[in-house]
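Enquirer: Sharing a structure, written as structure tokens. Questions coming.
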Amino acid sequence: MRESIIMKIHYGTALGAVALVTIHILFRMTQNFSESLQYQNVIANYHLLPYALMLEVVLILLSVHGFNGLRVILLELKQGIVYEKLINYGSIGAMAALIAYGSRTILMAGMGMS
Amino acid sequence: MTERMSNREGLKGMANPTRYGLERVAYWLQRLSGLGLLAYLIGHIYETSSIVNGKVAWDKMLELTQTTQGHLILTLVIGMCVYHTANGIRVMLGQGGIGVGKPGQPEYPYKAASLNYKQRLCIWVSIALAALAMMYGMAVLFGD
């Protein structure tokens, strides 16, 4: 994929994440902060389908943005065919692993498997 | 010196915010806050995964994170998040050609049109917004 397209994805994911993370934080502010973190409240959040879906989207956007950012930093540090391939595929792998792990939490908590 | 001139300082060069003015500091803070936020994201996903192990595991995790140190880290995360967002929007607009001035002939003293007062102002505003958000965050976190 061309770097210009990757940067557009980077900026797109950033803007999307800003909007959705704001909603995520506002959800914590609907009540007292420590109260909002109580087990029942958090589970109730996961059971709310639109909110759970939003968390999934946030997870994807932030993982893509975060690991692409790390990829850019690492590629700026050093260059080379093998190194660049390692960084590119490593970033995609780490991104996929984080999304899978986070999705597992959203799915299990949302379906009451805790 | 030779290493510096050949631009092969590697991590040491990237970690140095000096020598190139405020824009370099902004770049350095953007990188640093990005790395910090990625570390927090991974930690946050790990932290919240404890909810699938039931109430006891969740409460145990809260005991670990809802402390003074935990709140201080969260305050730092708020600051990094706000700075990274505000400065990131500046960078995005700049890459789109907004606020970087018009290209012209290089004339002494060779001041780049892109490094103008608007850009500098935006950097300071980003830092100020981050500081304000940190203060508000502290009031919320420690006000409980």
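The values are calculated or read from the model by the stated rules, or taken from the named source; none is laboratory data. Predicted model only: the values in this text are computed from it and were never measured. Cβ sites come from the backbone with ideal geometry, for glycine too, and all protein chains shown count toward neighbours.
Enquirer: Please tell me if A:Gln31 is closer than 30 Å to B:Phe142 by Cα and either touching a Leu at 6+ places or on another chain (Cβ under 8 Å) or modelled with pLDDT under 95 (or both).
Expert: So A:Gln31 passes the test.
Enquirer: A further question on this structure: Between a first residue in the stretch A:87-114 that is within 11 Å of chain B (Cβ to nearest Cβ) and surrounded by 14 or more Cβ atoms within 10 Å (Cβ to Cβ) and a second residue that is not aromatic (Phe, Trp, Tyr) and not in a helix (DSSP H, G or I), which pairs have beta carbons less than 8 Å apart while being 6 or more apart in sequence or on different chains?
Expert: Here the result reads A:Leu107/A:Met113; A:Met108/A:Ser114; A:Ser114/B:Gly54, each pair linking the stretch A:87-114 to a residue that is not aromatic (Phe, Trp, Tyr) and not in a helix (DSSP H, G or I).
Enquirer: Here's something else I'd like to know. When you look at B:Gln105, is it modelled with pLDDT under 95 and either under 21 Å from A:Val42 (Cα atoms) or touching a helix residue (DSSP H, G or I) at 6+ places or on another chain (Cβ under 8 Å) (or both), yes or no?
Expert: It is false that B:Gln105 is modelled with pLDDT under 95 and either under 21 Å from A:Val42 (Cα atoms) or touching a helix residue (DSSP H, G or I) at 6+ places or on another chain (Cβ under 8 Å) (or both).
Enquirer: Shifting gears a bit: Residues in the stretch B:24-45: is at least one part of a helix (DSSP H, G or I), aromatic (Phe, Trp, Tyr), modelled with pLDDT of 95 or more and surrounded by fewer than 16 Cβ atoms within 10 Å (Cβ to Cβ)?
Expert: no
Enquirer: How many of the residues in the stretch A:64-86 are of a type in the set (Gly, Ala, Ser), under 19 Å from B:Gly10 (Cα atoms) and either within 9 Å of chain B (Cβ to nearest Cβ) or buried (at least 16 other Cβ atoms within 10 Å of the Cβ) (or both)?
Expert: Residues meeting the conditions: 1.
Enquirer: Quick check on B:Thr75: is it surrounded by 15 or more Cβ atoms within 10 Å (Cβ to Cβ), under 29 Å from A:Tyr11 (Cβ atoms), within 14 Å of another protein chain (Cβ to nearest Cβ) and not aliphatic (A, V, I, L, M)? Step through it out loud before you land on a result.
Expert: On the way: surrounded by 15 or more Cβ atoms within 10 Å (Cβ to Cβ): yes; under 29 Å from A:Tyr11 (Cβ atoms): yes; within 14 Å of another protein chain (Cβ to nearest Cβ): yes; not aliphatic (A, V, I, L, M): yes.
Yes: the conditions hold for B:Thr75.
Enquirer: OK, next. Give the residue, chosen from A:Leu75, A:Leu26, that is in contact with an Asp or Glu (Cβ under 9 Å, 6 or more places away or on another chain) and closer than 26 Å to B:Met92 by Cβ.
Expert: Working: A:Leu26 fails: in contact with an Asp or Glu (Cβ under 9 Å, 6 or more places away or on another chain).
Exactly one of A:Leu75, A:Leu26 is in contact with an Asp or Glu (Cβ under 9 Å, 6 or more places away or on another chain) and closer than 26 Å to B:Met92 by Cβ, namely A:Leu75.
Enquirer: Filter the stretch B:14-43 down to residues that are at the interface with chain A (Cβ under 9 Å from one of its Cβ atoms) and either among the hydroxyl-bearing types (Ser, Thr, Tyr) or within 26 Å of A:Gly112 (Cα to Cα) (or both), then give me how many there are.
Expert: So the answer is 2.
Enquirer: Could you count how many residues in the stretch B:46-59 are more than 17 Å from A:Asn45 (Cα to Cα) and either within 26 Å of the chain's Cα centre (by Cα) or surrounded by 13 or more Cβ atoms within 10 Å (Cβ to Cβ) (or both)?
Expert: 2
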